[in-house]
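Each remark here refers to the structure printed beneath this line.
None of the figures in this text is laboratory data; all of them are computed from the coordinates on show. Just so it is clear, the structure is predicted and the values come from calculations on it, not from any experiment. A quick note on method: Cβ atoms are made from the backbone with ideal geometry, for glycine too, and the neighbour counts reach across all protein chains shown.
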Amino acid sequence: MSLHPLDPEIVAATDDWFYAEHPRGRELCADGTRTPLDATSEEDREGRQAWIAEYRRRLAEKQAGGGDDDGPDDPGGGDDPTDPAEGCNCAADFVIDPHCTIIKAGDSAQFSVSELDGAPAGSYVWTTTSDKLTLANDHASTVRVISTGMPSASRDAETLTVVRSQTGCADITKVIHLTVGKVTFSKAAGQAYGYDDFDTPLDPDDDHVSVKRDADTTVHVEMEGGIVGADFDFECADAGIATCEEAPAMLPSFDLRIDGGSTDKGSTVLRAKVRCPSAQVFREIAVHTYKEREVKVVVGKFHDSTSAGTALRFPNADYAGHQPTINDKVKEAVARFDITNFDAANAQTDVAFDSDGNGALSYDIAAGGGTELTRIATAFTGARTTGRIRIAIIRDMKSYFYLASAAAAGDTTITVRGSRAFDPGRAMPLGTGASQENITIASMSGATLTLSAPLAHAHPAGTPLEFPAGGWSSDPIMIIEGSASLDTIKWTMAHEAGHRDEGLDLRDIVDQTDFMHWMQSWTDYRLRYCPRTKKHGTGTENQWETIPRT
Amino acid sequence: MLQLSNDQWGALADAKRRQFAEEMADRAERRHPAACRKCSREELIAALEREIQTAHGHGLRNRGLLARFTDLSMVLGAGFAEREDWAQAILANTRLTPPQRLAELEEAAVFVVKGQGA
């Protein structure tokens, strides 16, 4: 039956009932004045439905008693009385099947229509004026809508029109409003740990995020096309490894918090799933949860006051003060350095180590250190070194092999104590004083070196052959000031501690943006998930994964 | 088989719409006499033709649905579907079928009319 015009008598009776009996009615009549129900608000929806139901019941009662009956509400269907082909069983409508109105940029979606129950089959043509979409199978009840890859300029900016035709009947046209959306993850300005873009900033599909176990970090989410946070669920595939907060509902650009799980080492995938039945993934990013690796280091500054050449260039340097700068970088791999100065007042330590008086620490390669190193190691002990990697800063160091047997002028081979791979073609000084000469290694076989030219002088057994080494993995680790800048020395300290098993257990790699680069020529100080090529040996190293997490 | 030209179809459609509008005018004079007294019979039929076309555009295409839509026009005034924001919002709701939209219009109109009366 039609609701209109309203029957004033039944309206009055229904009002009496509503304001006396219905909870919402009583609320609206609390002060004795009947406040009307709002015509469209959600708050009053239930009240309106109750009022209408009661009105219809009372109207039906009255009409059953002889009132005017306009018949039951027509549910639709049947002939169109204005259609010249009335009587041809024209469909009054058709149904667009449930669909998601957000399409992933660069992807496609399917839309279908169905006939109303009992309606004859029509034919369908789909069109769009959007330059963001193309259509396939557009003369059928199911069409494929293909995104060209560009996101919409605004929400619902794209239109998809479907026209139903039936012979002898008027066309029925419907329009669907669509949004082509794009989601991108990127590094958040305030991230607490790492973000590795795999050297391809324009490809967000290969990026990785790190987070400390039982802590949190953030990743930046950028949404294009008019979509917002409420359109998506952000979920990690393995909630035991990481979870994330719900996105802010109305924002298209925000930092999303990721919470690391209670695991020492694990990987999962964070996915942005559209809130539609398809739950299509618009973007995903790898998330790695790690137990934080702590590297404890103590740094001593050593000189020999009896040897002027050992005087430090930076006697007042505060190496412990470099800790925040280092940690700001190594946090990317979920690691941190705890650095202390050996001397409580950060003074240099005077040790009479220069026994050969050459103004440097002489390092006996074959002996793994030798007398001068032992003197520093002996002084570099005590409670302040317990449980820490010891790093000794010195002015200079010379690394030596020593001749195992005497060599005569004109000899083209020499034999040294111990053995090591030499770089052929490199010139090295042999001997001291007037008989010192530069030799060049042509080839080697064990401890026997073949020279590229005969010796000019004779040399007794024990003569030093200086080897060009920047440092050795000794205990303590020896770092020479040389002519390097103070900043370089500080990063060398982190680099050498990074090699230690009890440090980061990382190898020398080839990447100047990484402080584990094999040479003091850094342009940045990152640690990477993206595999880095090893300098020595073969293969690559994934630093985040290699760092011990026990 | 007899085939009609587009012009012939158009003329036939105009005639059918006019015929149905006259039928609706009879109904309106019976159900909404006060409103109908404000205009002539010809003006009423012309207004109802426009309302029927509007209803058609919103997918209301059978006799019962069109009759109920013209009832709304009589109580809310001709052109309500273009004039009233609340009506436009209901008619734009693509999640509802046309009969469901009409039912929503009717129910909302009850409280609009009651509000006007108050």
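Annotations for the structure displayed:
- The alpha-carbon of A:Lys62 sits under 20 angstrom from the alpha-carbon of none of the lysines, leaving out residues fewer than 8 places away in its chain.
- For B:Val112, A:Val175, order by how many other beta-carbon atoms lie within 10 Å, fewest first: A:Val175, B:Val112
- Relative to the current alpha-carbon distance between A:Thr488 and A:Val510, full extension at 0.36 nm per residue lengthens the span by 6.2 nm.
- Ordering B:74-85, A:423-434 by mean Cβ neighbour count within 10 Å, with the highest value first, yields B:74-85, A:423-434.
- FRET efficiency, A:Lys174 to A:Gln63 (Cβ-Cβ, R0 51 Å, nearest 0.05): 0.90
- Pairs from A:Lys174/B:Lys16; A:Lys265/A:Lys535; A:Lys182/A:Lys329; A:Lys301/A:Lys534; B:Lys16/B:Lys38 whose Cα-Cα separation, in the structure shown, is over 28 Å: A:Lys182/A:Lys329; A:Lys301/A:Lys534
- Within 10 Å of the Cβ of each residue in B:51-59, the mean number of Cβ atoms contributed by other protein chains is 2.
- Percent RCO, i.e. relative contact order, over segment A:280-394, from Cα pairs under 8 Å lying at least 6 residues apart: 38
- Residue order, fewest to most beta carbons within 10 Å, for A:Cys530, A:Cys276: A:Cys276, A:Cys530
- Under the criterion of Cα pairs below 8 Å and six or more residues apart, the relative contact order for chain B equals 21 percent.
- Rounded FRET efficiency, nearest 0.05, which uses the C-beta distance separating A:Thr142 from A:Ala279 and R0 of 25 Å: 0.75
- The magnitude of the dipole of segment A:94-181, with charges of +1 and -1 set on the Cβ of Lys/Arg and Asp/Glu and taken from the Cα centre, is near 160 debye.
- Here the relative contact order of segment A:182-290, from alpha carbon pairs under 8 Å that lie six or more residues apart, stands at 30 percent.
- Rounded to the nearest 20 debye, the dipole magnitude of the protein assembly as shown is 1920 debye, with +1 charges on Lys and Arg beta carbons, -1 on Asp and Glu beta carbons, and the Cα centre as origin.
- Rounded to the nearest 20 debye, the dipole size of chain B about its Cα centre is 240 debye, using +1 on the Cβ of Lys and Arg and -1 on the Cβ of Asp and Glu.
- Calculated FRET efficiency for the pair A:Ala383/A:Ala215, C-beta based, R₀ 35 Å, to 0.05: 0.70
- With Cα atoms, 0 to 90° folded angle of helix A:486-499 axis to chain A main axis: 80
- Residue-averaged beta-carbon neighbours from other chains (10 angstrom radius) around B:100-109: 3
- Here the Kirkwood formula, the inverse mean of 1/r across different C-alpha pairs, assigns the protein assembly as shown a hydrodynamic radius of 33.4 Å.
- Across peptide B:68-75, the mean count of Cβ atoms from other chains lying within 10 Å of each residue's own Cβ comes to 3.
- Label separation (A:Ala404 vs A:Ser443): 1.9 nm, computed from points 7 Å beyond Cα along the C-beta direction.
- Estimated vicinal HN-Hα couplings, Hz - segment A:455-465 in sequence order (Karplus 6.51, -1.76, 1.60; Gly, Pro = x): 5, 8, 10, 7, 9, x, 4, x, 4, x, 10
- Order of A:Trp522, A:Trp51, A:Trp472 - criterion: other Cβ atoms within 10 Å of each residue's Cβ, fewest first: A:Trp472, A:Trp522, A:Trp51
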